[in-house]
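The values are calculated or read from the model by the stated rules, or taken from the named source; none is laboratory data. Just so you know, these numbers come straight off a predicted model, no measurement behind them. Because the Cβ atoms are built from the backbone with ideal geometry, glycine has one as well, and the counts that use them run over all protein chains shown.
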Amino acid sequence: MIKLTEMTVGQTNVPKYKLNNGREMPAIALGTYLGHDKSGMVRSVNKQLRDVVMQAIDVGYRHFDTAEIYGTEEELGEGVRRKMEEGAVRREELFITDKLWNTHHKREQVVPSLRESLCKMGLSYIDLFLMHWPMGLHLRDWFPRERQEQTLDGICTRVLVVREIFFTCTRNTDVLQQVLMALRFRLQTAITSEDYTHSDVDFMETWLGLEDAVRLGLARNIGVSNFNKQQLERILREGSIRPAALQIEVHPQIIQTELVQLAQRHQLVVMGYSPFGSLVTRYGIKFPGPTIDDPTLVAIARRHHKTTPQVVLRWLVDRNVVPVTKTVNPSRLKENIDIFDFELSAREIEIINKFDEKTRYTLPSFWQTHAYYPFEKVDNPSADPFIKH
Ligand SMILES: NC(=O)c1ccc[n+]([C@@H]2O[C@H](COP(=O)([O-])OP(=O)(O)OC[C@H]3O[C@@H](n4cnc5c(N)ncnc54)[C@H](OP(=O)(O)O)[C@@H]3O)[C@@H](O)[C@H]2O)c1
């Protein structure tokens, strides 16, 4: 079983899990997806997210979760770089999780996509690189691939010449190489656009790309997100590098016992996103299910002198699941990490487990006809927000 070791940061003692390659992951992560509303994805205004990341480091967070699709890599990177420059934290004390987006599932797209993410963050590696979903989606080619390749190579050769000149001045080849690769990738995405039709790229091909990222030293660990039991078993069976982590939705309304046990049996650390479930308002909507003042949760919270959100986060920790929780509120940042000085009893865990009704808040049913769709299908799939109508 994965075991916890202690790490002392400021006023909090955040434990860490030993991953299957000996590296360590802090037992709580701050999520950076800012949510969405009727007008689309919520964006950080006036560097709010950068400032939250800096405050989070001050109160003890060392693990941050982002993804290419969240549009938060730049500000996350800026926040952690500033704290490193201040001397508050060293890179090796931080754990950054990032995710590959669905339109980059071909093996040759994976490393360039990661390089671009690293460029945005201003970092030379990430600690964990996850395949965000098992499903690949298409980029639409605006002109034939051969011409695209030629054009890109032409541009990149010219950049290489400039690079050589620059090299004699700076000798910083790693950074330049990164910039060059990122430029090539950015050009490629500029001359193509996502049409989001289903691609049949097998997620095992994508996995090979993630393995490439490890071999190149760009990702310290790799894993998957939103994979079901059969899909995870296939990665375990056919991959050369064992996944270190599985990120899935876990909260009192979807407790995921089977999947959590399967992953933990194979020494993966499970990360649980959206840990508050119906406790909080999502996308401006109040969903049915236990709320923050639910009498059962309040009774447990009183017994431990904690709040109900802290009880729910601790319920994940006591199941060896890393909560990936998001807040941009300074006092809730402190509240959410102040969960390592108490434990729930087996009976209390069981009581919370009873809220399970397999409710998902991340349910992209608009992709449910995809061959690699991981979840149960519904009768009335929602409209695809990625396709402009
Ligand atoms: N792999 C995937 O496909 C996937 C999918 C979804 C999410 N994620 C990751 O998981 C992270 C968390 O997801 P989430 O935002 O759905 O989860 P969440 O942490 O369960 O909910 C966040 C909401 O709860 C509020 N909140 C936070 N702490 C609170 C507290 N102590 N008391 C009351 N309200 C509180 C936040 O508002 P304030 O900000 O105003 O405090 C925010 O509205 C994301 O940021 C992302 O990194 C991954």
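Below is a table of values for the structure above.
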| read-out | value |
| --- | --- |
| Output for the range 290-313, where each listed residue is within 10 Å of the ligand (Cβ to nearest atom) and free of Cβ contacts under 8 Å to residues at least 60 places away in the same chain | 292, 307, 308, 309, 310 |
| Qualifying residue in the range 31-42 (condition: surrounded by 19 or more Cβ atoms within 10 Å (Cβ to Cβ) and either more than 10 Å from the ligand (Cβ to nearest atom) or part of a strand (DSSP E or B) (or both)) | yes |
| All positions within the range 59-91 that are part of a helix (DSSP H, G or I), among the acidic types (Asp, Glu) and buried (at least 17 other Cβ atoms within 10 Å of the Cβ) | 68, 73, 74, 75, 78 |
| Residue check, residue 316 modelled with pLDDT of 95 or more and within 12 Å of the ligand (Cβ to nearest atom) | yes |
| Breaking point among (1) closer than 24 Å to residue 313 by Cα; (2) of a type outside the set (S, T, N, Q); (3) surrounded by 16 or more Cβ atoms within 10 Å (Cβ to Cβ), for residue 222 | (1) |
| Checking residue 327 against (1) more than 14 Å from the ligand (Cβ to nearest atom); (2) part of a loop (DSSP other than H, G, I, E, B), the condition it does not meet | (1) |
| Residue 22 being closer than 22 Å to residue 128 by Cβ and surrounded by fewer than 20 Cβ atoms within 10 Å (Cβ to Cβ) | yes |
| Residues (small (Gly, Ala, Ser) and within 10 Å of the ligand (Cβ to nearest atom)) located in the range 58-83 | 67 |
| Residue within the range 236-254 that is of a type outside the set (Asp, Glu), surrounded by fewer than 23 Cβ atoms within 10 Å (Cβ to Cβ) and part of a helix (DSSP H, G or I) present | yes |
